[in-house]
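Before any comments, here is the structure.
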Amino acid sequence: MNATRALCAATSLLLTSFTGLVNASDEWYLGTSASHYNLDSTRALQDHHESNLLGLQAGRYLTDHLAVELGYAQQAGHDDLDALSLNGVLWLGDKTAGWAPFALLGVNQYDFNDRYNLASGHDDSPTQLMFGLGIAKRLSDKLDLRADVRLLSGHDEDAEDVGFHISLNRIFGTPTPAVVMQPAAMPEPEVQPEPKPEPKMRTVVIRLNVKFAFDQAVVLSIESEDLNTVAAAMRAHSDILLVLEGHTDSTGSEAYNLDLSARRAAAVKDVLIADYGIDAGRMSARGFGESHPTDSNQTRAGRINNRRVVGEMTYTEVVVD
């Protein structure tokens, strides 16, 4: 294979393979190298199988883990042998953290000085495929030390060479920014409104006790305070109903007293309607005669207490602190 054509084909292959990769890096490097090769015996220089070369190399990182590298080296102290190589370098670990392994694959072209006689029929510019494994350490942010072992094969007569290569490279440019995975945003905890305290309630009982003169069904003005209290509560609480119960002492017949007690209950109802504006539908009136005494009918004071109209209503209200 023609050497120039081989190098061009390898360059095209590497660039085609790597151009589409993402996370392209801006880093590139220049370096110096020293190599020791153990050449195949079929084309040793003046019967010497070993050769030492010094050289230069330049590379470009296509991604954080992949670089393309071009190198040139010449035999140390002589001009018997030159070497030109084009490699792809694949990092197998983090090159910025301690020692990291890498692999390389590429092509290598020797140029033997024709002043030295090679075995008859040998190409003085053979091209070989090159495979290597090595290890590297980043000495600083901008300086790499690399060492690798290389196997070169594919000469027209299947010659195989083994080399040891060490290089020191100065890094330029900036590495690919690390992709920082942002944690998924946690939803803000839903703030629950503080439960409103249950209102404090109390039960209110209002009792009405209107007294009457003997054999009378007329509401006296002195009873207005009790009536005011009942009327105010009924206006404030529209759901309150009031039952009025009329009573008498035991003087007179039962029939008469029953009628008198009913007239007394009706009189109180009429006053609440006329003087206080309470709806008649919210009140009922009933007479019980002398059947429910609250005191003894044997005394004057007891009979006064029994001549009455009573009522009771209950409601709940919020306690205001």
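The values are calculated or read from the model by the stated rules, or taken from the named source; none is laboratory data. Keep in mind that this is a model prediction, so the values were computed, not measured. We place every Cβ from the backbone using ideal geometry, glycine too, and count neighbours over all the protein chains shown.
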- line: How many residues of the stretch 212-249 are hydrophobic (A, V, I, L, M, F, W, C), surrounded by 16 or more Cβ atoms within 10 Å (Cβ to Cβ) and assigned to a loop (DSSP other than H, G, I, E, B)? The answer is 4
task: Out of Ser284, Ser238, report the one residue that is under 59 Å from the mean Cα position of the chain (by Cα) and either modelled with pLDDT under 95 or farther than 23 Å from Asn305 by Cβ (or both).
output: Ser238
query: Taking interchain pairs and intrachain pairs at least six residues apart, which have beta carbon atoms under 8 angstrom, with the first residue in the stretch 204-225 and among the small types (Gly, Ala, Ser) and the second exposed (fewer than 12 other Cβ atoms within 10 Å of the Cβ)?
result: Ala213/Leu220
task: Output the residues belonging to the stretch 250-287 that are part of a helix (DSSP H, G or I), under 19 Å from Tyr315 (Cβ atoms) and without any contact (Cβ under 8 Å) to a residue 24 or more places away in the chain.
output: Gly281
query: Does Leu62 satisfy the criteria of being modelled with pLDDT of 80 or more, surrounded by 15 or more Cβ atoms within 10 Å (Cβ to Cβ) and in the same structural domain as Asn38 (by TED's automatic domain parsing)?
result: yes
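Condition check ((1) assigned to a strand (DSSP E or B); (2) of a type in the set (Asp, Glu); (3) under 13 Å from His165 (Cβ atoms); (4) modelled with pLDDT of 75 or more) across all residues:
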{"position": "Gly20", "(1), (2), (3), (4)": "no, no, no, no"}
{"position": "Thr32", "(1), (2), (3), (4)": "yes, no, yes, yes"}
{"position": "Thr42", "(1), (2), (3), (4)": "no, no, no, no"}
{"position": "Ser51", "(1), (2), (3), (4)": "yes, no, yes, yes"}
{"position": "Gly55", "(1), (2), (3), (4)": "yes, no, yes, yes"}
{"position": "Ala67", "(1), (2), (3), (4)": "yes, no, no, yes"}
{"position": "Leu70", "(1), (2), (3), (4)": "yes, no, no, yes"}
{"position": "Gly88", "(1), (2), (3), (4)": "yes, no, no, yes"}
- request: Look through Glu290, Glu317 and report the one residue that is touching a helix residue (DSSP H, G or I) at 6+ places or on another chain (Cβ under 9 Å) and farther than 16 Å from Lys211 by Cα.
  value: Glu317
